[in-house]
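Report on one structure; see the data block that follows.
The values are calculated or read from the model by the stated rules, or taken from the named source; none is laboratory data. A quick note: this is a predicted structure, and the numbers were derived from the prediction, not measured. Virtual Cβ from ideal backbone geometry, glycine too; neighbours counted across all protein chains shown.
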């Protein structure tokens with residue numbers, strides 16, 4: 001069984017597709033899989049079994065990356081081609097079966113949409129494969145001890161970022177004497193070039209033990225570290241989906257992005273959003289997607305803290 005699996009450039013969408021990939025691995029444990037995705041998402045699949053070839057698609061002018069991918073795949077008859085990028089590639093290859101995600105914006109969560117490509121109901125929840133070396137590294141980075149509140153203060157756009165001082169106030173609330181995570185530690189997660197919000201957050205956490213993991217570990221080691229945390233709170237981002245897939249109770253913060261499509265997935269996940277809906281924010285007078293100032297300021301620390309307490313009580 002030879003399978004070509006084409007998934008997203010973006011980390012978050014790639015994570016949401018891992019359940020469909022795991023379904024294929026479970027269904028055909030001897031399958032040989034070629035997986036194509038964007039370069040930033042490729043490390044997610046480093047420990048995934050059955051992957052014979054991992055192709056990082058570097059975007060080129062005039063769709064040159066698709067031509068390169070076709071050249072790498074055209075000399076093979078595929079038993080199954082799964083294309084979650086809604087490209088024409090699947091129809092240009094010799095394949096016994098094709099499963100292509102349709103373009104459009106269906107009013108359902110992305111996990112359900114991705115699973116529908118193979119008709120899966122219930123949908124396949126995201127699943128990460130994390131090797132033992134990464135778990136050993138995670139134990140070194142986050143030793144056993146007091147509970148750990150994981151925070152993700154960044155996002156791929158400033159408008160989606162809850163202010164760093166709000167994250168610091170939330171941490172102080174949840175770690176205060178008598179609070180659910182009293183006496184706990186803070187672990188801060190972020191990407192390699194996201195120091196601004198991270199440094200602002202850490203500056204507001206004096207007197208608290210902070211484990212700064214921002215930009216210093218790969219995605220799967222970050223997932224292993226998240227599994228050692230008690231709670232994750234973060235903006236709508238790939239890191240939020242990583243936390244939910246890792247199984248840590250995950251609270252996602254939403255404003256100018258649609259929770260209908262991208263709420264963290266799973267029984268141990270929840271979201272809270274601004275009083276304004278996504279539509280109210282993006283259709284408001286003066287809205288400009290090019291600006292980087294936060295559109296999350298109407299979301300209060302009290303609201304997020306209560307949602308965090310509710311999630312901890314439920315999980």
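Remarks
- Number of positions in region 91-105 that are over 18 Å from residue 12 (Cα atoms), in contact with a helix residue (DSSP H, G or I) (Cβ under 8 Å, 6 or more places away or on another chain) and assigned to a loop (DSSP other than H, G, I, E, B): 1
- Test: residue 1 is surrounded by fewer than 21 Cβ atoms within 10 Å (Cβ to Cβ) and in contact with a helix residue (DSSP H, G or I) (Cβ under 7 Å, 6 or more places away or on another chain): no
- Within region 61-101, tally of residues that are surrounded by fewer than 17 Cβ atoms within 10 Å (Cβ to Cβ) and under 15 Å from residue 20 (Cβ atoms): 3
- The one condition in (1) closer than 26 Å to residue 120 by Cβ; (2) in a helix (DSSP H, G or I) that residue 67 fails to fulfil: (1)
- Residues of region 89-104 classified as touching a residue at least 12 places away in the same chain (Cβ under 8 Å) and over 13 Å from residue 76 (Cα atoms), total: 8
- Applying the criterion of being under 12 Å from the mean Cα position of the chain (by Cα) and not in a strand (DSSP E or B) to the residues of region 248-263, the residue that is nearest to residue 175 (Cα to Cα) is 263.
- Unique residue being buried (at least 18 other Cβ atoms within 10 Å of the Cβ) and within 26 Å of residue 26 (Cβ to Cβ) when the list is 126, 122: 126
- Yes/no for residue 241 being within 19 Å of residue 41 (Cβ to Cβ), buried (at least 23 other Cβ atoms within 10 Å of the Cβ), touching a helix residue (DSSP H, G or I) at 6+ places or on another chain (Cβ under 9 Å) and assigned by TED's automatic domain parsing to the domain that holds residue 299: yes
- Within region 54-64, the set of residues being in contact with a helix residue (DSSP H, G or I) (Cβ under 8 Å, 6 or more places away or on another chain) and either within 28 Å of residue 28 (Cα to Cα) or part of a helix (DSSP H, G or I) (or both) comprises 54, 55, 56, 57.
- Condition check for residue 143 on (1) within 30 Å of residue 231 (Cα to Cα); (2) assigned to a loop (DSSP other than H, G, I, E, B); (3) touching a residue at least 24 places away in the same chain (Cβ under 8 Å): one failure, at (3).
- Considering residues of region 10-39 that are part of a loop (DSSP other than H, G, I, E, B) and under 12 Å from the mean Cα position of the chain (by Cα) only, the residue modelled with the lowest pLDDT: 10
- Considering region 268-283, and only residues there that are in contact (Cβ under 8 Å) with a residue 24 or more places away in the chain and assigned to a loop (DSSP other than H, G, I, E, B), the residue that is farthest from residue 157 (Cα to Cα) turns out to be 268.
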